[in-house]
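As structure tokens, the structure follows; a few thoughts come after it.
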Amino acid sequence: MAHKKLFIPGPTEVREEVLKAQGQWMIGHRSKDFGELNKRCIDKSKQILNTKNYLFWYTSSGTGCMEGALRNVVTGKILHTVNGAFSDRWFKISKACGKQASSLAVEWGKAIKPEMVDAELAKGGYQAVTITQNETSTGVRNPIEDIAKLVRTKYPDVLILVDAVSGIMGDWFDIDGLGLDIVVASSQKAVALPPGLAISVISQRALDKCRTVTDRGYYFDYDAMLKRYEKDFQTPTTPAVSLFWALDLQLDAILKEGMQNRYQRHLEMARFTRDWTAKYFKVYAEPGYESVTLTTAANTRNIVVKDLNSELGKRGMQISNGYGDIKEKTFRIAHMGDLTMADMKEVTTAIVDVLKL
Ligand SMILES: *Cc1c(COP(=O)(O)O)cnc(C)c1O
């Protein structure tokens with residue numbers, strides 16, 4: 001198939017070198033070699049994310065780790081903050097798992113504010129709260145730092161569960177400093193790998209809580225994952241070995257770039273794409289809460305997004321239509337992973353050209 005450079009918020013563009021790393025000879029997942037590969041990936045990920053928490057790469061998409069988080073630690077009331085499709089998904093997963101779930105919902109495009117969370121948690125009895133660090137449907141970056149500070153100060157016992165699927169290794173936030181209990185993310189967003197792996201970063205107290213939960217399930221069981229890791233650095237079930245080769249290589253590249261440089265590159269691409277969007281359309285996100293890894297544009301010119309995308313396809317590029325209910329009313333340009341300013345200039349210039357703006 002012809003190559004289209006992906007400006008969609010997952011799967012993102014993967015460098016050829018990373019794609020090729022998957023093509024190595026298969027090794028047994030019970031080999032010493034796999035244990036070493038897994039350990040390298042975990043150690044480097046912790047270094048990049050500057051965390052001392054437990055960290056595991058699961059063979060799953062991010063949604064699996066969202067469900068896993070709930071199953072491992074939530075036995076009572078949980079509050080889901082909802083301001084888009086993905087934050088709503090976590091609420092739905094919670095209900096599907098039979099959790100005592102309630103939601104704090106705000107209009108799409110708006111951010112969740114600490115005072116809203118405060119008002120809800122003040123009602124009492126909550127065990128955990130979920131926050132979507134970067135809402136990929138609306139292009140809103142929720143103020144995770146302020147929300148976490150509020151929860152940690154006023155509700156120290158409430159576990160903070162974070163969906164950072166489209167933020168991790170692009171955007172920056174301090175997992176340990178903020179006292180986040182569980183952070184989940186996928187490989188196919190800002191990490192810029194093919195889909196198939198997902199990360200869970202787990203605090204000591206989340207692990208301690210998990211050990212008291214009797215029906216925490218099997219596949220995502222944190223304690224089982226840790227026990228196997230402590231034995232021989234392996235995983236309880238068969239991992240996607242090929243993806244681990246690619247991950248190993250990509251983590252080296254991220255370390256070489258430096259996470260803070262990577263974050264600055266994302267900020268620069270975000271500012272550029274946001275300014276461009278404001279000039280020709282309108283930024284969908286509430287001002288001050290715009291995503292660092294993608295921009296959702298309100299389709300103020302009533303263009304047919306589908307047609308724009310097929311024209312861009314002829315030029316070897318692809319952007320994303322709006323998500324769910326806001327399809328065609330919005331469109332999304334991702335600026336995450338290994339994309340550069342040159343790429344952002346290329347795609348925005350092409351859009352101007354196609355639409356004759
Ligand atoms: C993509 C995405 C998900 C879903 O992740 P999968 O890897 O597709 O399961 C969840 N949350 C957010 C914020 C996302 O961007």
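The values are calculated or read from the model by the stated rules, or taken from the named source; none is laboratory data. Here the structure is a predicted model, which means the values were calculated and not measured. Ideal geometry is used to build each Cβ from the backbone, glycine not excepted, and the neighbour counts take in all protein chains shown. Surface accessibility is based on the protein's heavy atoms, side chains included, excluding ligands, DNA and RNA. Shrake-Rupley method; radii C 1.70, N 1.55, O 1.52, S 1.80 Å.
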Cross-chain or 6+ apart pairs with Cβ under 6 Å, the range 202-226 first and in the same structural domain as residue 49 (by TED's automatic domain parsing), then among the aliphatic types (A, V, I, L, M) and open to solvent by less than 90 Å² (accessible area, probe 1.4 Å): 202/182; 206/73; 206/182; 209/73; 210/73; 222/202; 222/207
Unique residue being β-branched (Val, Ile, Thr) and assigned to a strand (DSSP E or B) when the list is 165, 201, 191, 213: 201
Sole exception among (1) within 14 Å of the ligand (Cβ to nearest atom); (2) open to solvent by 50 Å² or more (accessible area, probe 1.4 Å) for residue 100, by number: (1)
Checklist (1) of a type outside the set (Asp, Glu); (2) crowded, with 16+ Cβ neighbours inside 10 Å; (3) within 21 Å of the chain's Cα centre (by Cα) applied to residue 354, failing item: (3)
Residue pairs meeting the criteria (Cβ under 9 Å; at least 6 apart or on separate chains; first at positive phi and without any contact (Cβ under 8 Å) to a residue 40 or more places away in the chain, in the range 185-199; second more than 8 Å from the ligand (Cβ to nearest atom) and open to solvent by 20 Å² or more (accessible area, probe 1.4 Å)): none
Which numbered condition residue 130 misses (of (1) part of a loop (DSSP other than H, G, I, E, B); (2) within 13 Å of the ligand (Cβ to nearest atom)): (1)
Subset tally (residues that are touching a strand residue (DSSP E or B) at 6+ places or on another chain (Cβ under 8 Å) and more than 10 Å from the ligand (Cβ to nearest atom)) for the range 179-196: 6
Failed item, numbered, when residue 16 is tested on (1) open to solvent by 20 Å² or more (accessible area, probe 1.4 Å); (2) touching a residue at least 12 places away in the same chain (Cβ under 8 Å); (3) closer than 20 Å to residue 194 by Cα: (2)
Some residue of the range 292-305 being at pLDDT 95 or above, under 20 Å from residue 8 (Cβ atoms), open to solvent by 20 Å² or more (accessible area, probe 1.4 Å) and out of contact with any Lys or Arg (no Cβ under 6 Å at 6 or more places or on another chain): yes
Matching option when the condition is closer than 16 Å to residue 82 by Cβ, more than 16 Å from the ligand (Cβ to nearest atom) and among the charged types (D, E, K, R), among 135, 145, 115, 107: 107
Residue 25 being out of contact with any helix residue (DSSP H, G or I) (no Cβ under 8 Å at 6 or more places or on another chain) and either assigned by TED's automatic domain parsing to the domain that holds residue 171 or within 22 Å of residue 169 (Cβ to Cβ) (or both): yes
Total residues in the range 57-88, condition part of a strand (DSSP E or B), surrounded by fewer than 23 Cβ atoms within 10 Å (Cβ to Cβ) and either away from the ligand (no atom under 15 Å from the Cβ) or not assigned by TED's automatic domain parsing to the domain that holds residue 236 (or both): 1
Scope the range 21-53; condition in a loop (DSSP other than H, G, I, E, B) and without any contact (Cβ under 8 Å) to a residue 60 or more places away in the chain; matching residues: 25, 28, 31
The range 131-152 residues that are touching a residue at least 60 places away in the same chain (Cβ under 8 Å) and on the phi < 0 side of the Ramachandran plot, paired with ones that are in a strand (DSSP E or B) and open to solvent by 10 Å² or more (accessible area, probe 1.4 Å) (beta carbon under 7 Å, 6 or more apart): 134/141; 141/290
Helices (runs of 4 or more DSSP H) contained in the range 239-357 and holding at least 2 residues under 17 Å from residue 134 (Cβ atoms): 259-280
Single residue of 341, 269 found to be modelled with pLDDT of 95 or more and open to solvent by less than 30 Å² (accessible area, probe 1.4 Å): 269
